[in-house]
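The values are calculated or read from the model by the stated rules, or taken from the named source; none is laboratory data. These numbers were taken from a predicted model, which means no experiment stands behind them. In this analysis, Cβ positions are derived from the backbone assuming ideal geometry, glycine residues included, and neighbour counts consider all displayed protein chains. These accessible areas exclude ligands, DNA and RNA; they are computed on the full protein's heavy atoms, side chains included. Shrake-Rupley method; radii C 1.70, N 1.55, O 1.52, S 1.80 Å.
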Amino acid sequence: MEALAWIQSTQPTEPPSDVYCQTRDIVQARVESVRLTLLDNGWDEATAALIVAVLGELTSNAFDHNIGQWPDIPGCWFEMSIEKNNVSVTIADRGQGVRSSLERVRPGIDDHEAIRIAFTEHITGRAPEKRGNGLKFVLNALNEFPALQFNYQSGTAKFLFNGKSNPTAAAFTIVNQQTPVRGVIATINIQRL
């Protein structure tokens with residue numbers, strides 16, 4: 001089973017145990033293991049810490065925005081592959097998704113607008129909490145990596161960000177997908193130059 005098939009499935013099933021994080025403590029331990037594995041593969045401490053911060057934000061969102069509101073399977077999918085010069089991570093959840101979360105504070109938005117808002121504005125669907133920098137932080141942090149591919153889909157909107165040799169020239173696009181996803185799926189591929 002792959003993460004995309006899992007969140008698109010109309011039949012709720014638990015993912016394989018090697019990728020399933022039913023609770024926050026499980027995913028936090030797996031995220032921390034990324035740091036150690038990166039260091040073991042020769043990545044420097046600052047880069048490893050930045051990657052872990054991004055993964056921590058993305059996995060925390062799966063729990064923070066869905067507590068008590070999981071439609072079926074709680075938790076998230078967390079899959080990683082780390083090599084000497086490459087790290088790939090997939091994070092997915094079958095939660096409510098970005099639009100549903102943000103509609104509480106921005107009624108009437110569609111998936112495309114919700115994704116744009118989430119990555120560019122200081123906003124949270126958890127009002128009245130004073131939060132809402134998470135995905136903006138993710139985007140800013142990913143700007144540090146010139147050899148990067150980042151995809152983030154919720155509903156029918158997919159956010160695409162590719163690192164550039166010149167990080168100040170990096171840009172994102174949002175495209176519509178024919179097949180919606182339930183919740184969120186994010187994939188990150190970072191190459192060390």
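LEU139 contributes about 20 Å² of solvent-accessible surface, heavy atoms of the protein only, 1.4 Å probe. Take the chain with all the other protein chains still there, run a 1.4 Å probe, and you get 48 Å² of accessible area per residue. Counting only protein heavy atoms and a probe of 1.4 Å, the accessible surface of region 81-124 is 44% carbon and sulfur. When +1 charges are put on Lys and Arg Cβ atoms and -1 charges on Asp and Glu Cβ atoms, the dipole computed for the chain relative to its Cα centre reaches about 480 debye.
Once both labels are positioned 7 Å from their Cα atoms along Cα-to-Cβ, the gap between GLN191 and ASN41 label points is 1.4 nm.
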